[in-house]
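What follows is a short report on a single structure.
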Amino acid sequence: MNIAALTIQQIREGLAQKRFSAVELTQEALAFAKAENAKTNAYLTFSDDRALASAAIVDAKLAAGEDPGALAGVPVGVKDVIVTKGVRTTCGSKILETYVPPYNATAVERLETAGGVIIGKTNCDEFAMGSSNENSAFGPVRNPVALDRVPGGSSGGSAAVVAQGTAVVSLGSDTGGSIRQPASFCGCVGVTPTYGRVSRYGLVAFASSLDHIGPFARNVSDAATLLRAIAGRDTRDATSAAHPVQDYAASMQQPLKGLKVGIPKEYFNGLASDTGDNIHNGIETLRKQGVEVIDISMPHTDYAIEAYYIICTAEVSANLSRFDGVRYTRRSERSDSLINMYRQSRGEGFGAEAKRRIMLGAYVLSHGYYDAYYLKAQRVRSLITRDFAQAFEKVDAIIAPVSPFPAFKLGEKVDDPLQMYLSDIYTITGSLSGVPCMSVPCGATKDGLPVGMQILTKHFAEDTMFRIAHQYELNRI
Ligand code: GLN
């Protein structure tokens, strides 16, 4: 079996026809993942025992003639900001280097109930802050497509494991682009569902009003299968939505004729030329399928990065206050008083980017600056959300680039945080407004670097988003 190219469908058939057992597949996936990891550093922890136990349950269900679930035997990678009971969860941070959670995230629980096999936890930027995976305390991930380049971030490990084929699907988290951007850099599908579509219970909070859990896969159908397994209301997350989970597999089969997509002009400034060419080809492919393409404007796009870096840092400064050297975390040994223990533990435990954002966040929330920064940023967020609502009165979906440029070289942007922040320009608007959005591979640059096309639809219209992505994937030239 060619494990690196397996799909969920092929695994289902292979198990049904007894060509392999779930335990055999898991053993092979673990061995392959460990060998590949020497090249990419995409996994931080392997969960052999748990994976083999999950696989044994799938085999037992199959032997008993029971339904083993939609993800039966599927090797899955889980970003290390999502908690796994009994399996170390570091958030890419030294401060949680030895943290072993006592409970599972809802998404983890659901994917295992559906028969998914978690083979390991994937590397990421510290607390999901970053765009290149270079902010991980455990070293960067290398892009499997070009090992001298970044895989994108912050879910770089989750994108890399799917791209290199050591996992069939994976879970990432997206706050400002952290699923879509690495998916585009590594050439896989990455989905940020509607805010509230997937429970955040057990996702270590970065910026709670922006955080989403979502899938990576090598094709649209597999991403949809994983999302369907983990989506839905969860009483443990008050922001999770009761909205029914659609049958994505059925909607994906519908042709696109008659749909309208909008192309926002603000998303095409400052785009690297061969990235732009690929997106335009993608739009042409949709047009050929009978999609009506309409030019639209999203006038507040220019303010998105500023608003995002105020809102997210404000939330970071609050959320990361729980890591204090007392609960969960590593405690500094060099502490002579309680206050110094807090200071030392946080000072030694957090990396530079986390510290930068905690300080920025404390500043924008401080008395005297709150109105000028935080409140204003929230107003901008409302205007951006209104841009989307107005666009969706005219069109069924919006098509845009994911990133202004393809995967860059390791080290190229580390000394310039502003440049790094600017790379999120096309993904942050979707995050701020909470609409579903995804990256689907749409070609490569002259140097062979993958380019992703972004598809955005209105809240809870994942069915239309998957339909466009799947039909595009089938007809892509
Ligand atoms: N790159 C963005 C940031 O650094 C987005 C991160 C994310 O989506 N988790 O905040």
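What the table shows:
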{"read-out": "Long pairs among Lys94/Lys409; Lys260/Lys288; Lys39/Lys409, criterion Cα-Cα beyond 19 Å", "value": "Lys94/Lys409"}
{"read-out": "With every protein chain in place, the range 43-138: carbon and sulfur % of accessible area (1.4 Å)", "value": "54"}
{"read-out": "Backbone HN-Hα couplings from phi across the range 235-250 [Karplus 6.51/-1.76/1.60, Hz, Gly and Pro as x]", "value": "5, 8, 10, 5, 8, 7, 9, 7, 3, x, 7, 6, 8, 4, 4, 6"}
{"read-out": "Antiparallel content of DSSP bridges confined to the chain, in %, to 5", "value": "65"}
{"read-out": "Cβ-Cβ FRET estimate between Thr113 and Ala249, R0 fixed at 25 Å, reported to 0.05", "value": "0.85"}
{"read-out": "Assigned charges on the beta-carbon of Lys, Arg, Asp, Glu; the chain dipole about Cα centre (debye)", "value": "400"}
{"read-out": "Mean shadow area of the range 262-347 over all directions, Cα convex hull, nm²", "value": "9.8"}
{"read-out": "Burial order of peptide ranges 357-363, 127-133 (average beta-carbon count within 10 Å, highest first)", "value": "127-133, 357-363"}
{"read-out": "Helix-only mean residue ellipticity at 222 nm for the chain, each DSSP H run of n ≥ 4 adding -39500 (n - 2.57), per residue, nearest 500", "value": "-12000 deg cm²/dmol"}
{"read-out": "Between the range 297-338 and the range 164-235, the alpha-carbon center distance in angstrom", "value": "21"}
{"read-out": "Sequence-distant aspartates and glutamates (8 or more away, or on other chains) whose Cα lies within less than 15 Å of Lys446", "value": "Asp274, Asp277"}
{"read-out": "Solvent-accessible area per residue for the chain (1.4 angstrom probe, square angstrom)", "value": "37"}
{"read-out": "Protection proxy ranking, peptides 425-435, 459-469, average beta carbon neighbours within 10 Å, highest first", "value": "425-435, 459-469"}
{"read-out": "Heavy-atom accessible area order for Asp416, Asp59, Asp302, largest first, 1.4 Å probe", "value": "Asp302, Asp416, Asp59"}
{"read-out": "Charge dipole of the range 41-120 about the Cα centre (unit charges at C-beta), most positive-ward option of Gly86, Ile118, Ala63", "value": "Gly86"}
{"read-out": "25 °C / 0.890 mPa s Stokes-Einstein diffusion coefficient of the range 344-474, Kirkwood radius on C-alpha pairs, µm²/s", "value": "139"}
{"read-out": "For the range 415-471, with +1 on Lys and Arg beta carbons and -1 on Asp and Glu, the positive-most of Phe466, Ile428, Met438 along the dipole", "value": "Phe466"}
{"read-out": "Accessible surface of the range 368-456 [probe 1.4 Å, protein heavy atoms]: carbon and sulfur percent", "value": "53"}
{"read-out": "Reachable lysines from Lys18, criterion Cα separation under 21 angstrom, eight or more residues apart if same chain", "value": "Lys61"}
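The values are calculated or read from the model by the stated rules, or taken from the named source; none is laboratory data. All values reported here derive from a predicted model rather than from experimental measurement. Note: ideal-geometry Cβ built from the backbone for every residue, glycine included; neighbour counts use all protein chains shown. Accessible surface areas use protein heavy atoms only, side chains included; no ligands, DNA or RNA. Shrake-Rupley method; radii C 1.70, N 1.55, O 1.52, S 1.80 Å.
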